Amino acid sequence: MPRYFTKDHEWIEVEGDAATVGITDYAQSQLGDITFVELPQAGASVGKGDSCSVVDSVKAASDVYAPVSGSVTEGNAVLEDQPELVNTAAEAEGWLWRMTLADAGELADLMDEDAYKAYVAEL
Amino acid sequence: MRYLPLNDADRAAMLDVVGAGSIDDLFVDVPAEARLAGPVPGLPMHASEMAVERHMARLSAQSLTAGQAPFFLGAGAYRHHVPASVDHLIQRGEFLTAYTPYQPEIAQGTLQVLFEFQTQVARLFGTDVANASLYDGSTACWEAVTMAGRITKRKKAVFSGGVHPHYVETARTMAKFTGDTLVTRLPELLAASDDDAVIADIDGETSCVVVQYPDILGRIPDLAKIAGAAQAKGALLIAVVTEPVALGLLESPGTLGADIVVGEGQSLGVGLQFGGPYLGLFGCREKYLRQMPGRLCGETLDADGKRGFVLTLSTREQHIRREKATSNICTNSGLCALAFSIHLTLLGGKGLEEMAKHSRVRAAQTAQALSKVAGVSVVNASYFNEFAVVLPRDARDVVRELADKGVLGGVSLGRLYPGADGLANGLLVTATECTTTEDIEALVKALEEVLA
Amino acid sequence: MNEINRSGWRPAMGSAGEAEAIETTTGNRGLQLEEALIFEIGNLDHCGVDFDGAIDERLLEGLPSRRSAPVDLPGLTEPEAVRHYTRLSRQNYAIDLGLFPLGSCTMKHNPRLDEKVARFPGFADVHPLQPQSTVQGALKVMDELAQWLITLTGMAGVAMTPKAGAHGELCGLLCIRAALEARGDAREVILVPESAHGTNPATAAFAGYRVENIPATADGRVDVDALTARLGLDVAGVMITNPNTCGLFERDLKTIADAVHAAGGFVYCDGANFNAIVGRVRPGDLGVDAMHINLHKTFSTPHGGGGPGSGPVVLSAALAPFAPLPFTTRGADGSVHLIEEENAAQEGHAQAFGRMCAFHGQMGMYSRALAYILSHGADGLRQVSGDAVLNANYVLRSLEGVLDAPFGAAGPCMHEALFSDDGFAEGFSTLDLAKGLIDEGYHPMTVYFPLVVHGAMLVEPTETESRGGLDQFIGAMRVLAERAKAGDPLLKSAPHLAPRRRLDETLAARKPKLVWKG
């Protein structure tokens, strides 16, 4: 399944018109210990770049933006009790929400894994 | 100068290290035209400790104090006996001259007090959690309204006419700028509070219902009924407690279904202080914790595994979230919270109940005595330690005339509700455990003379 | 002669490290005392308060919503309570114990005269709704303080009621908004420099404004060109801290103010650092329209472990008519009148924008601040700011050889000296040096603020430190800076000697325990 990345350090994995979104391992390493994740409501419609979720660490609260437009189908309820999953498995079990895509064409604006790696290496 | 340790020899030596010719030279970045050559004109020079104390004592003597006169005022500020040990303990330098406990290793004293305070407030209010205090009851009330807006994503708040008018006015002032809609009404001089009218105002747009308990006239609303009606429409119930001593006898608002409970903590430990500093109390359901304003203290462990306390969940606050913060508040009312907590610790649950009983009994005795004065009638069907009476003429004038006779007889509704003609003859009368039989007799005698 | 001395007993001298090995059964270590929670030591049957007379239970009848059992709150008798709180107090650092170099927080000595007069019954034992003729003492304190604040700042009016600095900021912005609305001018944007206190953007957002950041220049001041370029019909005003959070005076404030005024906007000055210039500079002379004054910073009311504060806002002639209720005016006979809802319109104050809080503000802070101001007088206040700035510059110049001082070359600092963690060993940060200060018996300085400097350390000694006290602090800082540069692992785990070691903030935030549940 193809996976894309944003400059704000979100990842999105797409399967048909459905997708899973999270923050990257690089992002979690910068944030430190995650203490709380505010998840979007199922059914919420989001525009590309909208703030959908907030990831709290001890010292910071960071907005997570929708990489593409669409509609939220579920938030990752496991994170309510285990926010630390975002630290230990940011790009796997620590996903934040699932959504349907409104316009798959928006994916073209995002980076693939190699491009993201190169982007992070520059930071 | 007695507060400045540097002398001229120190200053000269230090200026040498700094490489400046004079202290004035350190202010080179101030534009020359804005730099004053000498002391600000038009102001007196320094004064000795004796002289300042003498001046302040002269001013103090120009007030008629609560302790000097038969005293029956309330309306959101109450005179209770504060044990001497409270004022002694809050003046310990380690409490008085400490900063906000951002360095928890050397602030466990303040932090443990805040943790105990939060637990005391939560138990008193019947809520799951409570914060480390806000400025005062009126600002806490507005914070609760905005919090309900964040939770329900609605912007209409319904206020009972029984909410303290200053609290309503504070909220109205803020709402002008935030775009919230407030549904407000004046109280009426009726035996019961306006529960049914408030319930009728709740609709699908309502974020919260704000009800004072006991209300501004001292009546005790049916919180459980209002809570049910609010929740049926997806709105929250905010209960406002301006006299926490009442909860020594009355059921806690959270237990009766309030989602958020706010209050004024001044009654315990703080004293009258002409209106401030006071102490905002704030409790709510656990599920709303992340939407709560203000500082929070939480339990944790240190590197050696010992129990300790820290300020926590600070990412909600302004210094981190900046324009996305839950509130712009960055201070609590720490020393007042300490005073409140010490007083409540000295009382304990049973002591609080006894204090409440004495207050209620003194109020009942006052109400009985006043109801026998010609032309005076008691309004309330229910009350704790505060009730309204109707006088035969404007209560503002009566209060001033009573003051001329050395009696502080109550709060006129005309002062609280200027322009509301239907309330002009109303007088709020409050008693506490400090009220004596002689005080009640003096009030009755003076009132009979004034109304004769 | 004393019996003990005649016995010839002398204390044995132990060897290093022996003390750490001693385990005590109580967890106490000499005078370092542990203390349990009131919920662990108190109970419902203990009470430290008593009352007069018996209760006539018949008079309790007919009370609706009566609770069936007392609130579950533990009580303590007076000796237990005094001991509990006294023991807790000893786990706190405080100004009374030593230098408290928190930059931007201004932890200076709190005179005890101020505590004494604040408790005078004419101020402390009066009700806010007593007839005005019976509270002239309290009203005169409010009014005298108001006059001092107006004169010291060169402004036209003052709103006394805000309950803290951030509340004062809100009050000032609401005055600006009211003034703009009164002329039918709806503006949406407040400009805030990126070095501002976090309260500034939070307050502007709370007042309904959109916040736009203005960058700083390389020398730590507001970028005047960027700011003036952004001015326009949509800008309601700017919020500038002066002296700013880098401890520098904003030289161009008057130029900025003139440009803002020409564009129809207002200048809000965050007066958190007014203590650096009080008695020497009047913000009114620099074109400021509104400025809050934290009474606890400039006029030394106690911090009290986090409040209460008090944040009166001085206002220019353009904003003064919009000040919130209530406030005082003085009659020809010297009596002071309180203007509130009851009489505002007939006294000619119909433009007041509303009310910030119940009653009349922080009386207990006014009496303390007034006693402080009267003690110093106009000449003493000038010396206060002078000594505060001298002490800060003495620290700056004494430490710039061992610590990086980002703006050290820009000239004198104001009341606080800014350093960075540049040059520390790999893996060592500002936090480590700060925690090391705790072991040396000091409260840490402000860390990681302002955000514009990496690993910022902001040191504000205040004017109430002696030269000897400063020299000892400087000595400790020098040693700690060398240890941070050398990568001393014992610094990384500091503090070692405080009542608690570093606390697990992640645990506290992930599983919040905010009330005691047993």
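The values are calculated or read from the model by the stated rules, or taken from the named source; none is laboratory data. Just so it is clear, the model here is predicted, and its values are computed rather than measured. Note that each Cβ is placed from the backbone with ideal geometry, even for glycine, and that neighbours are counted across all protein chains shown.
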Quiz item: Just for segment C:28-55: of the residues that are in contact with a helix residue (DSSP H, G or I) (Cβ under 8 Å, 6 or more places away or on another chain) and not in a loop (DSSP other than H, G, I, E, B), which one is surrounded by the most Cβ atoms within 10 Å (Cβ to Cβ)?
Solution: C:38
Quiz item: Which of the residues spanning segment B:243-269 are under 25 Å from residue C:121 (Cβ atoms) and within 9 Å of chain C (Cβ to nearest Cβ)?
Solution: B:264
Quiz item: Inside segment C:97-164, counting only helices (runs of 4 or more DSSP H) that do not spill past its ends, which hold 3 or more residues that are facing another protein chain (nearest Cβ under 9 Å) and touching a residue at least 60 places away in the same chain (Cβ under 8 Å)?
Solution: C:112-118, C:136-153
Exercise. Having 2 or more residues that are closer than 30 Å to residue A:61 by Cα and at pLDDT below 95 is the bar; report the helices (runs of 4 or more DSSP H) wholly within segment C:447-518 that clear it.
Key: C:505-510
Self-check item: Considering residues of segment B:414-452 that are free of Cβ contacts under 8 Å to residues at least 40 places away in the same chain and not in a loop (DSSP other than H, G, I, E, B) only, the residue farthest from the chain's Cα centre (by Cα)
Solution: B:445
Quiz prompt | Number of positions in segment C:489-499 that are surrounded by 18 or more Cβ atoms within 10 Å (Cβ to Cβ) and free of Cβ contacts under 8 Å to residues at least 40 places away in the same chain | solution = 0
Quiz item: When segment C:220-240 is examined, which residues are found to be surrounded by fewer than 24 Cβ atoms within 10 Å (Cβ to Cβ) and under 24 Å from residue C:165 (Cα atoms)?
Solution: C:220, C:221, C:235
Self-check item: Which listed residue, of C:94, C:81, is small (Gly, Ala, Ser), part of a helix (DSSP H, G or I) and over 30 Å from residue C:329 (Cα atoms)
Solution: C:81
Quiz item: Just for segment B:391-413: of the residues that are assigned to a loop (DSSP other than H, G, I, E, B) and within 10 Å of chain C (Cβ to nearest Cβ), which one is nearest to the chain's Cα centre (by Cα)?
Solution: B:410
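Residue-by-condition table, conditions (1) in a loop (DSSP other than H, G, I, E, B); (2) surrounded by 23 or more Cβ atoms within 10 Å (Cβ to Cβ); (3) at pLDDT below 95; (4) assigned by TED's automatic domain parsing to the domain that holds residue B:207:
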{"position": "B:224", "(1), (2), (3), (4)": "no, no, no, yes"}
{"position": "B:237", "(1), (2), (3), (4)": "no, yes, no, yes"}
{"position": "B:246", "(1), (2), (3), (4)": "no, yes, no, yes"}
{"position": "B:253", "(1), (2), (3), (4)": "yes, yes, no, yes"}
Self-check item: Residues of segment C:110-155 satisfying the condition of being within 27 Å of residue B:39 (Cα to Cα), basic (Lys, Arg) and surrounded by fewer than 23 Cβ atoms within 10 Å (Cβ to Cβ)
Solution: C:112
Exercise. Return the residue satisfying two criteria in turn: it lies in segment B:93-144 and is in contact with a Pro (Cβ under 8 Å, 6 or more places away or on another chain), without any contact (Cβ under 8 Å) to a residue 12 or more places away in the chain and not aliphatic (A, V, I, L, M), and of such residues it is farthest from the other protein chains (Cβ to nearest Cβ).
Key: B:103
Quiz item: Can you pull out the residues in segment C:463-477 that are in contact (Cβ under 8 Å) with a residue 60 or more places away in the chain and more than 14 Å from chain B (Cβ to nearest Cβ)?
Solution: C:477
Practice problem: Please state which one of C:514, C:480 is within 23 Å of residue B:301 (Cα to Cα) and either more than 22 Å from the chain's Cα centre (by Cα) or free of Cβ contacts under 8 Å to residues at least 12 places away in the same chain (or both). | Solution: C:514
Exercise. Please give the number of the condition residue B:65 fails out of (1) in a loop (DSSP other than H, G, I, E, B); (2) at the interface with another protein chain (Cβ under 7 Å from one of its Cβ atoms); (3) more than 17 Å from residue C:124 (Cα to Cα); (4) without any contact (Cβ under 8 Å) to a residue 24 or more places away in the chain.
Key: (3)
Exercise. Please enumerate the residues belonging to segment C:191-221 that are within 10 Å of chain B (Cβ to nearest Cβ) and either outside any helix (DSSP H, G or I) or under 24 Å from residue C:412 (Cβ atoms) (or both).
Key: C:192, C:196, C:197, C:198, C:207, C:208, C:209, C:210, C:211, C:213, C:221
Quiz item: All but one of (1) over 30 Å from residue B:442 (Cβ atoms); (2) at pLDDT 95 or above; (3) assigned to a helix (DSSP H, G or I); (4) not assigned by TED's automatic domain parsing to the domain that holds residue B:276 hold for residue B:33; which doesn't?
Solution: (2)
Quiz item: Got at least one residue in segment A:5-25 being touching a strand residue (DSSP E or B) at 6+ places or on another chain (Cβ under 8 Å), modelled with pLDDT under 90 and over 28 Å from residue B:314 (Cα atoms)?
Solution: yes
Quiz item: Right, residue B:309: farther than 30 Å from residue C:500 by Cα, in the same structural domain as residue B:101 (by TED's automatic domain parsing) and modelled with pLDDT of 95 or more or not?
Solution: no
Self-check item: In segment C:405-427, the residues that are in contact with a Leu (Cβ under 7 Å, 6 or more places away or on another chain) and over 23 Å from residue B:15 (Cβ atoms)
Solution: C:406
Exercise. Looking for whichever is among the small types (Gly, Ala, Ser) and modelled with pLDDT under 95 here; the options are B:283, B:294. Which one fits?
Key: B:294
Practice problem: Examine segment B:284-292 for a residue that is farther than 18 Å from residue B:154 by Cα and in a loop (DSSP other than H, G, I, E, B), and state whether such a residue exists. | Solution: yes
